[in-house]
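Participant: Take this structure first; my questions come after.
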Amino acid sequence: MGFESIKIDVTTLVAEDRIVMMEGVENYVIGGKPFSMETIGAFDINPDGLITRWRYSYNLKALTDQIEAAGFKAPT
């Protein structure tokens with residue numbers, strides 16, 4: 001099972017100093033079927049503009065429920 005497409009819709013983006021926080025919805029197409037999941041992330045940015053720390057959170061259960069409802073075996 002591979003991703004045919006991925007699109008991320010950023011709904012909230014805030015930054016202060018070298019910390020950036022993002023909230024969004026990731027939209028996938030797998031086996032011709034659409035799936036989505038809400039995500040949040042926090043990123044530390046160094047003076048050169050590079051990410052030095054990446055923290056990401058999502059509800060894996062919500063995604064695996066969609067995958068199983070579509071008739072696929074969810075990854076374990």
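Participant: What number of residues within segment 26-37 satisfy the criterion of being touching a helix residue (DSSP H, G or I) at 6+ places or on another chain (Cβ under 6 Å) and exposed (fewer than 10 other Cβ atoms within 10 Å of the Cβ)?
Facilitator: Residues in segment 26-37 being touching a helix residue (DSSP H, G or I) at 6+ places or on another chain (Cβ under 6 Å) and exposed (fewer than 10 other Cβ atoms within 10 Å of the Cβ): 0 in total.
Participant: Name the pairs whose Cβ atoms lie under 8 Å apart, with the first residue in segment 49-61 and within 17 Å of residue 25 (Cα to Cα) and free of Cβ contacts under 8 Å to residues at least 40 places away in the same chain, the second hydroxyl-bearing (Ser, Thr, Tyr) and surrounded by 11 or more Cβ atoms within 10 Å (Cβ to Cβ), and 6 or more positions between them or separate chains?
Facilitator: These pairs meet every condition: 56/39; 57/39; 58/39.
Here is a yes/no grid of residues against (1) surrounded by fewer than 14 Cβ atoms within 10 Å (Cβ to Cβ); (2) part of a loop (DSSP other than H, G, I, E, B); (3) of a type in the set (D, E, K, R):
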residue	(1), (2), (3)
8	yes, no, no
12	yes, no, no
15	yes, no, no
24	no, no, no
39	no, no, no
56	yes, no, no
72	no, yes, no
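Participant: Can residue 2 be described as surrounded by 11 or more Cβ atoms within 10 Å (Cβ to Cβ), small (Gly, Ala, Ser) and over 10 Å from the mean Cα position of the chain (by Cα)?
Facilitator: So residue 2 fails the test.
Every number in this text was worked out from the coordinates using simple rules, so none of it is lab data. Bear in mind that the values here come from a model prediction, so they are computed numbers and not experimental data. Every residue, glycine among them, receives a Cβ derived from its backbone with ideal geometry; neighbour counts consider all protein chains shown.
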